[in-house]
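The values are calculated or read from the model by the stated rules, or taken from the named source; none is laboratory data. The structure presented is a predicted model; accordingly, all values stated were derived computationally and were not measured. Heads up, the Cβs are rebuilt from the backbone with ideal geometry, glycines too, and the neighbour counts pull from every protein chain shown. Accessible surface is based on the protein model in full, side chains and every heavy atom, while ligands, DNA and RNA are left aside. Shrake-Rupley method; radii C 1.70, N 1.55, O 1.52, S 1.80 Å.
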Amino acid sequence: MDVMPKKSSRAASQKSSKGAKAQAKGSYGIFSKFIHLVGAQTIRDILHTAFMIYLARLSASDYGEFMVAFSLASIILFLGEFGLNQPLVAALSKKYSNKGDILAQYSILKSCLLFAGWIGVFLFIFIQGYTPGLKNLVLVISAGVGLEALASSFFVAIRVEGRQDLEGRIRAVSSILGYGYALTLLALGAAPHWIALFKVIENTSNLLGGVWMALRNTSFAGLALKRKSLARTWAAAKGGTVYVLMALAAILYNKANVYFLQNAAGPVKVAQYSATWELVDGIAILVSNQLLKSILYPLFVKLWKQDKSEFKRVADDSYRWLIGLSLPVMFVLFVESDRIIGAIYGQAYADSMWMQKYLAPTVLFAFIHNMSAYLMMSRGKERLLLAIYVSGLAFNLALCATLIPIMPLLGSCLAMTLTKGVVAAATTGYCMAAFGVIEFKSLKRIGLALAIGAGLYFGLTALSLPREIPECCAIIPFLFLIKRWLKEIKRQQSQAGLG
């Protein structure tokens with residue numbers, strides 16, 4: 001008597017399982033994972049902004065020293081990462097691999113690089129003759145920021161398992177602990193080097209949380225470093241060289257104009273440029289780090305090995321969303337530059353207001369370039385990508401040397417925008433030719449929304465209406481477009497579930 005129910009139950013279970021797999025294939029929970037990571041990043045960014053603004057209002061000299069410390073600490077983070085997180089994703093994604101050994105060897109490699117980088121910074125600040133207070137500040141901040149590179153290895157293990165929600169929670173709690181400490185000591189008037197310990201607190205929490213969650217959610221044979229792993233450590237270092245060179249070229253063409261601007265016009269002009277660039281670049285970094293690196297890149301690596309047609313579909317959808325979202329973001333940065341800069345930095349940063357208009361296009365360039373770069377890496381095209389980066393660096397240095405001495409601020413903006421545009425055109429053009437991504441149908445819809453939005457903006461502006469009215473109306477077509485895309489996603493998920 002119980003045979004039929006068992007068969008029925010088994011059939012229902014199989015159907016449910018197939019439906020779930022099909023639904024997962026249709027969406028992969030990308031939006032949900034992105035929201036978790038963006039939520040954590042937003043908490044951190046808000047706290048960081050509050051801390052820096054509070055610090056700047058209390059002491060301009062302390063604020064300047066913290067900016068120097070963070071600038072040097074970013075080099076430590078770069079050395080610690082060593083471009084290894086991308087190959088780490090591929091290594092942990094393999095079906096048959098000793099994940100414990102893999103994490104152990106990457107952690108040892110990163111630790112050695114962090115120590116070498118910290119020693120390098122230590123020597124640099126003594127050669128530069130920094131004050132004892134600034135030396136302490138730089139060393140403490142560098143040590144704290146460096147720990148983030150170690151924590152990221154275990155976050156990669158969590159991402160490969162599709163548990164970006166856990167990473168988001170860990171990062172959010174760590175940010176609250178670290179910046180809560182910093183803001184409290186800042187209010188109490190503590191010395192800068194004591195306040196700087198907040199980065200050690202934040203990233204120690206990230207590291208401990210990442211290790212704990214990785215051990216709970218990843219099947220490890222044990223975090224043992226076997227004899228063969230020592231050889232693999234060196235192999236990983238050599239294999240990661242191309243990633244290091246790519247990252248180095250990218251850092252240089254993103255920072256070179258600042259060095260030229262400093263020589264041509266001094267620190268005040270550098271501050272004017274940095275105020276708007278930090279805002280514009282922050283948006284690109286948010287999408288690149290949280291959506292592309294943490295979610296889509298691991299997914300692309302898996303899909304290319306398992307389902308190439310699905311690889312192309314997800315890539316097409318990702319390009320569509322990135323382009324469609326970047327355009328209204330650029331528009332707001334352009335038309336509201338005076339209010340945005342004025343509200344954050346004050347009217348003293350008037351030059352930043354007009355510079356933001358020139359830098360706004362870099363949002364689109366960064367979105368599509370980073371997407372293309374991760375697609376190329378998922379297909380093993382790292383050397384070609386490196387060649388594009390090095391060419392972009394050469395182009396950027398030529399622009400900086402030519403334009404900045406003549407027109408410092410405008411030249412800095414043009415050098416950055418043109419470089420990012422050329423690099424984005426090269427990487428995206430290759431992906432379109434090699435992988436067949438970006439469907440004309442999607443671009444046609446985006447172009448129509450852009451044309452309607454532009455017509456509404458210029459038409460209503462000509463009527464001398466309050467600026468808020470044409471600005472809001474210009475965004476409406478993109479809201480309808482996004483709404484339509486969301487309906488299509490729900491329809492695909494429903495069809496996959498029924499299938």
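Could you list all residues from region 423-439 that are among the aliphatic types (A, V, I, L, M) and open to solvent by less than 70 Å² (accessible area, probe 1.4 Å)? Let's see the steps before the verdict.
Taking region 423-439 first, the residues among the aliphatic types (A, V, I, L, M) are 423-426, 432-434, 437-438.
Residues satisfying the conditions are Val423, Ala424, Ala425, Ala426, Ala434, Val437, Ile438.
Given the structure, is Leu450 open to solvent by 50 Å² or more (accessible area, probe 1.4 Å) and over 26 Å from Ile285 (Cα atoms)?
Numbers: open to solvent by 50 Å² or more (accessible area, probe 1.4 Å): yes; over 26 Å from Ile285 (Cα atoms): no.
Judged against the criteria, Leu450 is not a match.
Going through region 324-364 one residue at a time, which ones are among the β-branched types (Val, Ile, Thr) and modelled with pLDDT under 85? Please lay out each step first, then the result.
Kept after step one, since they are among the β-branched types (Val, Ile, Thr), are these residues of region 324-364: 329, 332, 335, 340-341, 344, 362-363.
Within region 324-364, Ile340, Ile341, Ile344 meet the criteria.
When you go through Leu393, Leu460 one by one, which is the residue that is farther than 23 Å from Val335 by Cβ, in a helix (DSSP H, G or I) and open to solvent by less than 70 Å² (accessible area, probe 1.4 Å)? Full working, then the answer.
Values: Leu460 fails: farther than 23 Å from Val335 by Cβ.
Answer to the selection: Leu393.
Does region 465-479 include one or more residues that are out of contact with any helix residue (DSSP H, G or I) (no Cβ under 6 Å at 6 or more places or on another chain), of a type in the set (A, V, I, L, M, F, W, C), within 23 Å of Ile368 (Cα to Cα) and surrounded by 15 or more Cβ atoms within 10 Å (Cβ to Cβ)?
no
With respect to the numbered conditions (1) open to solvent by 20 Å² or more (accessible area, probe 1.4 Å); (2) under 28 Å from Ile102 (Cβ atoms); (3) polar (S, T, N, Q), which one is the sole condition not fulfilled by Ser174?
For Ser174, the failing item is (1).
Quick check: is even one residue across region 138-148 at pLDDT below 85 and either surrounded by fewer than 23 Cβ atoms within 10 Å (Cβ to Cβ) or part of a helix (DSSP H, G or I) (or both)?
At the first step, the residues of region 138-148 found to be at pLDDT below 85 are 138.
If we keep only those that are either surrounded by fewer than 23 Cβ atoms within 10 Å (Cβ to Cβ) or part of a helix (DSSP H, G or I) (or both) as well, we get 138.
Looking through region 138-148, at least one residue is at pLDDT below 85 and either surrounded by fewer than 23 Cβ atoms within 10 Å (Cβ to Cβ) or part of a helix (DSSP H, G or I) (or both).
So, in region 328-349, exactly how many residues are assigned to a helix (DSSP H, G or I) and open to solvent by less than 30 Å² (accessible area, probe 1.4 Å)? Please lay out each step first, then the result.
Going through region 328-349, the residues assigned to a helix (DSSP H, G or I) turn out to be 328-335, 337-345, 347-349.
From what's left, open to solvent by less than 30 Å² (accessible area, probe 1.4 Å): 328, 333, 335, 337, 341-342.
So the answer is 6.
Pick from Ser494, Ser442, Ser412: which is crowded, with 17+ Cβ neighbours inside 10 Å, modelled with pLDDT under 85 and part of a helix (DSSP H, G or I)? Explain how you work it out, then say what you get.
Numbers: Ser494 fails: crowded, with 17+ Cβ neighbours inside 10 Å; Ser412 fails: modelled with pLDDT under 85.
Being crowded, with 17+ Cβ neighbours inside 10 Å, modelled with pLDDT under 85 and part of a helix (DSSP H, G or I) holds for just one of Ser494, Ser442, Ser412, which is Ser442.
Which one is farthest from Leu414 (Cα to Cα), of the residues in region 350-386 that are among the hydroxyl-bearing types (Ser, Thr, Tyr) and open to solvent by 10 Å² or more (accessible area, probe 1.4 Å)?
Just the residues of region 350-386 that are among the hydroxyl-bearing types (Ser, Thr, Tyr), to begin with: 352, 358, 362, 372, 374, 378.
Now drop any that are not open to solvent by 10 Å² or more (accessible area, probe 1.4 Å), which leaves 358, 374, 378.
Values: Tyr358: 7, Tyr374: 26, Ser378: 31 Å.
Per the stated criteria, the residue is Ser378.
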